[in-house]
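What follows is calculated from the coordinates using simple rules that are stated; it is not laboratory data. Note that the structure is predicted; figures quoted are calculated from it, not measured. Positions of Cβ are generated from backbone atoms using ideal geometry, with glycine treated the same way; all protein chains shown enter the neighbour counts.
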Amino acid sequence: MGAGHSAKQSKAAAKKARTAAKKKLQERTAQLRPVIVDIADPLWNNEARMVVAVTRRPMIMHDGTEEFEANLLRELERKEGFTCQNSAIVLSDRESELTCHRLVRAIRVDQLEPSLDAGGAMVLAEMIGTNDAVRIAVSSAVGGAGSSLFAAQLAYYMSCEGRPAVLVDADPHSCGLDLVLGKERRPGLTRNQIPADCDFDQLRSHLLMLGFDSAGGKKISADGGAVPVIYADRYPTFGAPSGGRGLDVGQLAGLMHADDLVVDCGRNLPVADSASAGWQEQWGEGEPDVHILVAPLTIQGATAASALRNRMLENDRTKPLIVLREVPGASTSVAVAAMMMDEVPVAVIRHDDQCTAALDRGEAEYWIESSLKHDRARGPVREVWEKIQHIVGNCALPIAS
């Protein structure tokens, strides 16, 4: 009787686990951006629908009428305030107002190589992906605010959470992200050493890795993250040709269909002034889905963050997420800073004496790995990541068929 009771309990537990897994899959699928199939060619249309079904994304079939397209465009306009391409993926065999909309990512199936009717289904499936990659920009409101360190923390945290992230140095003014991480002059690749037509999966093994000991090449922690780093062309000593800034962030994003991208922008912002003159050069045709603005928790920091946020909005950019960093000896409270900025910061990074010492010793990645095990350091990073997921989720079109 005991054995029978135990077997029933095991079956009940297994059923409960299957139900929970199914519910989790349904929730994840519901959060994915939908795919709008707007393909006139019947053969390509049928192939595309089968590919979308494999990705488990919500699918919207365009019926070819102007009225249907007008309804879709109206739904997209309701997403006012977003600049990311996370509302929908459009598959089309022609250019239209829909494929050119700023909130969608258009894939022209008539330009696929090989074509859909000649084995291009695998290429299309990879381009669509089963996860929505996020492009995150991290900037400093003032010099020394710590955008590089926070970008590295965020990328490492995402990696630990099962979201493969690539960390990119796109700051044309600083001494270098690799220097901050204590990995200067280590073998790796700069942006101008990456070919525009390379296979990024094959490229990974040649990149500098955050989360691996630079001397021994071993993983710092068995359950820790591993983040590929692409840094700027400041130390051209590895036998590759130097000169030029190489691929911009938009081009790098095009190489990665499934990886999230965390970009350290330093003082670079999409506003019109000399300090940010390099934004277009660094990003090219790309735009971040979310922009994080790091500022010190001081009167000057709050003032700078508020002014830069307003200027970004004036330039029709997405509203940045403001993160404040505690400064030793400063007396400005979060409440005062929030009043000055007319908004509450998304997160506040508490000061850690060990961080300064680790940076000075060139052991930033060891500090990042150990600090994220504790709520004091992990909390702000988790809060920002949850906010990012919320923003991207709200941007997706609520239509599915």
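Determine the sum of side-chain charges near Pro320: Lys and Arg each +1, Asp and Glu each -1, restricted to other residues whose C-beta is under 11 angstrom from that of Pro320.
Working: positive: Arg309, Arg311, Arg317, Lys319; negative: Glu343.
For residues surrounding Pro320, the net value is +3.
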(message) Charges on Cβ only, +1 for Lys and Arg, -1 for Asp and Glu, centred on the Cα centroid of the stretch 28-128; of Met127, Ile39, His101, which one is farthest towards the dipole's positive end?
(response) Met127
(request) Quick one: check the C-alpha center-to-center distance for the stretch 283-347 versus the stretch 86-133, whole angstrom. (result) 35
(request) List the residues whose amide H sits under 5 Å from the amide H of Ile349, counting only those 5 or more places along or on another chain, with H placed 1.01 Å from N in the peptide plane. (result) Leu324, Arg325, Glu326
(request) Mind putting a number on the dipole of the stretch 28-128 about its Cα centre? Charges go on the C-beta only, +1 for Lys and Arg and -1 for Asp and Glu, and I need it in Debye to the nearest 20. (result) 680
(message) At 0.36 nm per residue, and after removing the present C-alpha to C-alpha distance, how many nm does the segment from Arg78 to Gln300 gain when stretched out fully?
(response) 76.4 nm
(request) With θ set to phi - 60°, apply the Karplus curve 6.51 cos²θ - 1.76 cosθ + 1.60 along the stretch 65-76 and write out the HN-Hα couplings as whole Hz, x wherever there is a Gly or Pro. (result) 8, 5, 5, 5, 5, 4, 5, 5, 5, 5, 5, 5
(request) Using the Karplus curve 6.51 cos²θ - 1.76 cosθ + 1.60 with θ = phi - 60°, work out ³J(HN,Hα) for each residue of the stretch 42-57 in order, rounded to whole Hz, and write x for Gly and Pro. (result) x, 5, 5, 4, 5, 4, 5, 4, 5, 5, 4, 4, 5, 6, 6, 7
(request) Provide Asp41, Asp353, Asp264 in ascending order of the number of other Cβ atoms located within 10 Å of each residue's Cβ, fewest first. (result) Asp353, Asp41, Asp264
(message) Show me, bin by bin at 10 Å from 0, the whole-percent P(r) of the stretch 28-128 based on Cα pairs.
(response) 15, 51, 30, 4, 0
(request) Please list, in chain and number order, the residues 5+ apart from Gly266 or on another chain whose amide H is under 5 Å from its amide H, with Hs placed from the backbone. (result) Ser140
(request) Just subtract the alpha-carbon distance of Gln202 and Thr65 from 0.36 nm times their residue separation and send over the number in nm, one decimal. (result) 45.0 nm
(message) Name the residue from Asn394, Gln354, Ala377 whose Cα lies farthest towards the positive end of the charge dipole of the stretch 352-401, charges +1 on Cβ of Lys and Arg and -1 on Cβ of Asp and Glu.
(response) Asn394
(message) In the stretch 333-353, whose amide N lies under 12 Å from the spot 7 Å out along Cα-to-Cβ of Ala307? List them in ranges.
(response) none
(request) Would you kindly derive the ³J(HN,Hα) couplings of the stretch 372-386 from the backbone phi angles with the Karplus curve 6.51 cos²θ - 1.76 cosθ + 1.60 (θ = phi - 60°), listing them in order in whole Hz, with x for Gly and Pro? (result) 6, 7, 10, 4, 4, 8, 6, x, x, 5, 4, 4, 5, 5, 5
